[in-house]
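The values are calculated or read from the model by the stated rules, or taken from the named source; none is laboratory data. Please read these numbers as outputs of a predicted model, since none were measured by experiment. Using ideal geometry, Cβ is built from the backbone for each residue, glycine included, and neighbour counts are taken over all protein chains shown.
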Amino acid sequence: MSKTRILIIYTGGTIGMAPQDPAIPGSPLVPKSLEELKAYAPILSQDNRYGIEYGEESFEKPVDSSCLEPGDWRRMAAIVERNYDAYDGFVVLHGTDTMSYTSSALAFMFDNLDKPVVITGSQLPISEPRTDAPWNLNNAIHVAAYKAVGLPRIPEVVIVFADKIVRGCRATKVSTTDLTGFTSPNSPPLGTIGEHIKIRTDLLKPRPSAGQKFRVDHDLSESVTNISLYPGIKASHIKSILGLGGVDAIVMRTFGAGNAPNNETFLEVIDDVINKGKKTILNITQCNQGMVEMGLYEASSGLLERGVISGMDMTPEAALTKLMWTLGTKLGEQVNTQMQVNQRGEQSESLFDLRYGECGNRLEPQEVFKKLLSPDRRFDVEQFSKGVVRLSNLGFVGCEPGESIKLRVFMNMPNAKFDLPDDHPNCVAERIVAWNRDPLNLSMICDDGKMRSCIGTNDIVLTVVVREGVRFWFKGLYLALFAKAPY
Ligand code: ASP
């Protein structure tokens, strides 16, 4: 049987650090060479008991990971690319501070990855008598050298740290001191490490098929930044940050399920940035866990209407690096669609966001609205989980103030009439509203069973109708289709 070959890629980080001045134990930690690190890692000797063959590559000058830049992710990616065929797995030794940025970036940069790329480091230097480094290193090697030790293959970028194996683009550093420094807050770990290493094969990304060759996207846009909202944040501050030259996209860390101040000054700035400045704003939550659901609260509807897109339940690290990758590659031509669709297992659901636009206005209200749009080709009805119809700035003409008006939304039935039976299978949403002359914003969760049966083909026609004699207008009609991300 051929030997398992593992490439160790050393970039720096605490794992390989020692006090700057050996004579002064408390002097600042600085990265040492791979040679020095190896002196403390018997598993890396070529006569190890697993018969693993090692190759090694090291950054010429190993660094604290806080000093890494996208150029360094490209260097790591290039090392994997150059050595891809010659090795069965890769172990990247890395500082913990920005490990989850690197693991996210590499996850996006690698297409059709079929071998484990395992990133690890430690909270304490390997040279210290009390250290977590050998444990992490040994486990990382086990996961990368899966064949030699009888583990399943993980064809993904992962972080192996302490007691867990987490998907690279789901990982986040949660403690500066705990030995269990990483979690994947919105998805279960891909494996656990205890007396045994247990891998959840049901959660793994499927292996690429025979024709899908491994390739690397080296182009990352660096015109991406992020901001975090706080109570009282000034629109003028946001304007100067978001208006910065050289910035094409912004990750905006909002409150709760994607909420932000809904005053006009704030929303105007957002509108200018997106619609005049042609920039992308991606909404992710400041909470450690959970999903952005724009439109759930009035305080996020304004963002949705101005064209902010959803980062779903991505970590900040995944959100930023996914934007860099999307804008750096040809996917950037459709940044809004691409960012909301799961690409590498970085989010639990994909969002296919159809914006049907406006219908008439106060002076020219309409009797009916119908329009056809098609979701991105990756929308898979099998994975469909929820549909939400939203209408913004809705108004009526031809009814009494205070009158209750029923509004019905039909799917894929262009000539739908208001008086079709109540349980008509194509009527996916309806709502009775009291009209008091103030424009309304409506959010309707679609009937799940009806949606599934009439969504059918890829074209989705929505028809909106109200009772005879009443006419209506609205500023925006949105259909949000959520589909489970298959891995
Ligand atoms: N500052 C170090 C680094 O990220 C911290 C660590 O490795 O734990 O490189």
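A few comments on the model shown:
- Members of segment 19-32 that are away from the ligand (no atom under 13 Å from the Cβ) and surrounded by 15 or more Cβ atoms within 10 Å (Cβ to Cβ): Pro19
- Yes/no for Ser2 being within 16 Å of the ligand (Cβ to nearest atom), part of a loop (DSSP other than H, G, I, E, B) and surrounded by fewer than 22 Cβ atoms within 10 Å (Cβ to Cβ): no
- Residues in segment 182-207 that are closer than 21 Å to Lys484 by Cβ and part of a loop (DSSP other than H, G, I, E, B): Ser184, Pro185, Asn186, Ser187, Pro188, Pro189, Leu190, Arg200, Leu204, Lys205, Pro206, Arg207.
- Residue count, segment 7-30 (criterion: free of Cβ contacts under 8 Å to residues at least 60 places away in the same chain and in a strand (DSSP E or B)): 2
- Taking the criterion of being among the charged types (D, E, K, R) and either surrounded by fewer than 21 Cβ atoms within 10 Å (Cβ to Cβ) or in a loop (DSSP other than H, G, I, E, B) (or both), the residues of segment 305-342 that qualify are Arg306, Asp313, Lys330, Glu333.
- Some residue of segment 354-367 being modelled with pLDDT of 95 or more and crowded, with 21+ Cβ neighbours inside 10 Å: yes
- Matching residues, segment 167-183, being crowded, with 24+ Cβ neighbours inside 10 Å and closer than 13 Å to Glu346 by Cβ: Arg167, Gly168, Cys169, Arg170, Ala171
- Matching option when the condition is crowded, with 16+ Cβ neighbours inside 10 Å and farther than 20 Å from Asn336 by Cα, among Leu204, Leu220, Leu244: Leu204
- Test result for Pro62, modelled with pLDDT under 95 and either closer than 30 Å to Ala319 by Cα or within 16 Å of the ligand (Cβ to nearest atom) (or both): no
- Subset of segment 269-301 [in a helix (DSSP H, G or I) and either closer than 26 Å to Gly332 by Cβ or modelled with pLDDT of 95 or more (or both)]: Val269, Ile270, Asp271, Asp272, Val273, Ile274, Asn275, Lys276, Ser300
- Looking across Glu364, Glu293, one residue alone is of a type outside the set (Gly, Ala, Ser) and touching a residue at least 40 places away in the same chain (Cβ under 8 Å). It is Glu364.
- Set Gly95, Gly150: member being more than 21 Å from the chain's Cα centre (by Cα) and free of Cβ contacts under 8 Å to residues at least 24 places away in the same chain: Gly150
- Test: residue in segment 38-55 that is within 15 Å of the ligand (Cβ to nearest atom), at pLDDT 95 or above and either over 30 Å from Leu323 (Cβ atoms) or assigned to a helix (DSSP H, G or I) (or both): no
- Subset of segment 86-134 (residues that are assigned to a strand (DSSP E or B), more than 11 Å from the ligand (Cβ to nearest atom) and within 23 Å of Ala41 (Cα to Cα)): Gly89, Phe90, Val91, Val92, Val117, Val118, Ile119
- Filter result for Glu128 (free of Cβ contacts under 8 Å to residues at least 60 places away in the same chain and surrounded by fewer than 21 Cβ atoms within 10 Å (Cβ to Cβ)): yes
This table checks each residue for (1) of a type outside the set (Asp, Glu); (2) without any contact (Cβ under 8 Å) to a residue 60 or more places away in the chain; (3) surrounded by fewer than 24 Cβ atoms within 10 Å (Cβ to Cβ).
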residue	(1), (2), (3)
Asn48	yes, yes, yes
Ser65	yes, yes, yes
Arg75	yes, yes, yes
Ala78	yes, no, yes
Val117	yes, yes, no
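- Only one entry of Gln347, Gln383 meets the criterion of being within 21 Å of Gly456 (Cβ to Cβ) and either buried (at least 21 other Cβ atoms within 10 Å of the Cβ) or in contact (Cβ under 8 Å) with a residue 40 or more places away in the chain (or both), and that entry is Gln383.
- Selection status of Val149, surrounded by 21 or more Cβ atoms within 10 Å (Cβ to Cβ), β-branched (Val, Ile, Thr) and away from the ligand (no atom under 16 Å from the Cβ): no
- Filter result (at pLDDT 90 or above and loosely packed, with under 15 Cβ neighbours inside 10 Å) within segment 387-402: none
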